[in-house]
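*Asks:* Please see the structure below; I have some questions.
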Amino acid sequence: MNGRLMPAAEATVSVFDHGLLYGDGVFEGIRFYHRRAFRLQAHLARLTLSARALALSLPWDQAALTRAVAETITAAPDDAGYLRLVVTRGVGALGIDPRSCRQPNLFIIADRLDAMAEARRRGARLIIAATRRLGADGLDPRIKSLNYLNPILARLEANRAGADEAVMLNAAGRVTEGSADNLFIVQGGRLLTPPASDGALAGITRAVVLELAATLGIAACEQPLTPYDLYTADECFLTGTAAELVPVADIDGRPLSHCPGPLFSRLDQAFRALIERECRNKPPAVTGEAE
Ligand SMILES: Cc1ncc(COP(=O)(O)O)c(C=O)c1O
């Protein structure tokens with residue numbers, strides 16, 4: 001918490017913090033394996049961009065953040081887990097004006113997280129939510145801000161329907177992403193995912209999957225998608241730091257032809273192998289180290 005290691009129960013923020021009052025802040029969810037953060041520099045780069053989009057100046061530079069993440073991982077109880085790196089606007093007056101907030105708060109939580117474990121085993125059940133993803137002209141979904149109400153509304157719909165995840169469409173009816181993960185389909189041997197500009201977070205796991213597809217010789221591209229494309233896909237899967245790779249079993253009650261499908265299985269295997277290569281027997285990330 002602002003540079004000090006402490007037990008979770010002692011890590012508190014003020015009720016006047018605008019992160020709490022208004023969702024004014026940014027965050028990253030980062031996994032670590034074998035006590036090394038996976039794709040840390042990509043997460044820190046995205047955090048920096050999210051903060052810049054909100055005119056929020058990060059209290060620390062990339063090197064200091066990298067050291068803080070490494071220290072947190074060293075102190076974590078398990079060799080593998082999930083980190084939540086949060087920067088809030090900080091304490092200010094009541095009223096939304098960020099100018100009253102003098103000093104951002106920064107904290108990193110180390111925890112376990114495997115919310116999608118069961119869905120990963122049996123295949124996730126999705127619905128297409130009635131709640132539309134906010135457009136870039138309102139709150140750009142590429143900003144990973146502390147305000148998650150838009151996807152939370154979609155997740156409530158999924159919960160009510162007994163589904164694992166909700167797919168959100170944009171105002172034009174194009175597929176964007178899940179409430180907390182990106183989405184891929186396989187159509188005729190090609191891997192397709194909506195462009196981030198349609199209203200999705202530029203996911204780090206999504207980028208890794210596109211990278212793996214290239215190395216495996218799987219044709220992949222960003223392409224606008226509609227519900228019809230999802231319903232008629234050969235395969236569909238979700239990607240995210242928390243979710244990792246999760247095959248989809250059905251969407252709005254329409255079963256996918258394959259779950260897990262052959263391309264999913266190849267990519268998932270390659271993903272696991274990549275994690276081992278990048279994280280096993282490596283020192284915790286240190287300043288400036290390339291990934
Ligand atoms: C809305 C949303 N989309 C996609 C993702 C997946 O992104 P990443 O793979 O970087 O975790 C997340 C999770 O971070 C998310 O919250």
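The values are calculated or read from the model by the stated rules, or taken from the named source; none is laboratory data. Keep in mind that this is a model prediction, so the values were computed, not measured. Positions of Cβ are backbone-derived with ideal geometry, glycine not excepted, and every protein chain shown enters the neighbour counts.
Yes/no matrix, rows are residues, columns are (1) within 17 Å of residue 249 (Cα to Cα); (2) in the same structural domain as residue 262 (by TED's automatic domain parsing); (3) among the aliphatic types (A, V, I, L, M):
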{"residue": "131", "(1), (2), (3)": "no, yes, no"}
{"residue": "139", "(1), (2), (3)": "no, yes, yes"}
{"residue": "145", "(1), (2), (3)": "no, yes, no"}
{"residue": "152", "(1), (2), (3)": "no, yes, yes"}
{"residue": "163", "(1), (2), (3)": "yes, yes, yes"}
{"residue": "167", "(1), (2), (3)": "yes, yes, yes"}
{"residue": "174", "(1), (2), (3)": "no, yes, no"}
{"residue": "193", "(1), (2), (3)": "no, yes, no"}
{"residue": "200", "(1), (2), (3)": "no, yes, yes"}
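*Asks:* Within segment 250-270, count every residue that is surrounded by 17 or more Cβ atoms within 10 Å (Cβ to Cβ) and not charged (D, E, K, R).
*Replies:* Of the residues in segment 250-270, 10 are surrounded by 17 or more Cβ atoms within 10 Å (Cβ to Cβ) and not charged (D, E, K, R).
*Asks:* Further question on the same structure: Just the residues that are of a type in the set (A, V, I, L, M) and buried (at least 18 other Cβ atoms within 10 Å of the Cβ), please, taken from segment 120-132.
*Replies:* Scanning segment 120-132 gives 124, 126, 127, 128, 129.
*Asks:* Go through 78, 137, 97, 61 for me and flag whichever is over 30 Å from residue 16 (Cα atoms) and free of Cβ contacts under 8 Å to residues at least 40 places away in the same chain.
*Replies:* Exactly one residue qualifies, and that residue is 78.
*Asks:* May I ask you to verify whether residue 59 is within 30 Å of residue 137 (Cβ to Cβ), modelled with pLDDT under 95 and either assigned by TED's automatic domain parsing to the domain that holds residue 23 or surrounded by 21 or more Cβ atoms within 10 Å (Cβ to Cβ) (or both)?
*Replies:* Answer is yes for this residue.
*Asks:* Taking residue 106 as the residue in question, decide whether it is more than 16 Å from the ligand (Cβ to nearest atom), part of a strand (DSSP E or B) and in contact (Cβ under 8 Å) with a residue 24 or more places away in the chain.
*Replies:* Judged against the criteria, residue 106 is a match.
*Asks:* Is there any pair linking a residue in segment 178-191 that is over 11 Å from residue 243 (Cβ atoms) to one that is within 16 Å of the ligand (Cβ to nearest atom) and among the basic types (Lys, Arg), with Cβ under 8 Å and at least six apart or on different chains, and which?
*Replies:* Listed pairs, sorted by first residue: 184/206.
*Asks:* Here's another thing I want to ask about it. Quick one: in segment 195-224, which of the residues that are within 15 Å of the ligand (Cβ to nearest atom), of a type outside the set (Gly, Ala, Ser) and part of a loop (DSSP other than H, G, I, E, B) is surrounded by the most Cβ atoms within 10 Å (Cβ to Cβ)?
*Replies:* The extreme case among them is 201.
*Asks:* Same structure again: Assess whether residue 262 counts as being modelled with pLDDT of 95 or more and touching a Phe, Trp or Tyr at 6+ places or on another chain (Cβ under 7 Å).
*Replies:* no
*Asks:* Quick one: residue 82 ticks every box in (1) in a strand (DSSP E or B); (2) of a type in the set (Ser, Thr, Tyr); (3) farther than 30 Å from residue 261 by Cβ except a single one, so which number is it?
*Replies:* Of everything listed in (1) in a strand (DSSP E or B); (2) of a type in the set (Ser, Thr, Tyr); (3) farther than 30 Å from residue 261 by Cβ, residue 82 misses just condition (3).
*Asks:* Just the residues that are more than 11 Å from the ligand (Cβ to nearest atom) and surrounded by 19 or more Cβ atoms within 10 Å (Cβ to Cβ), please, taken from segment 231-245.
*Replies:* 233, 235, 236, 237
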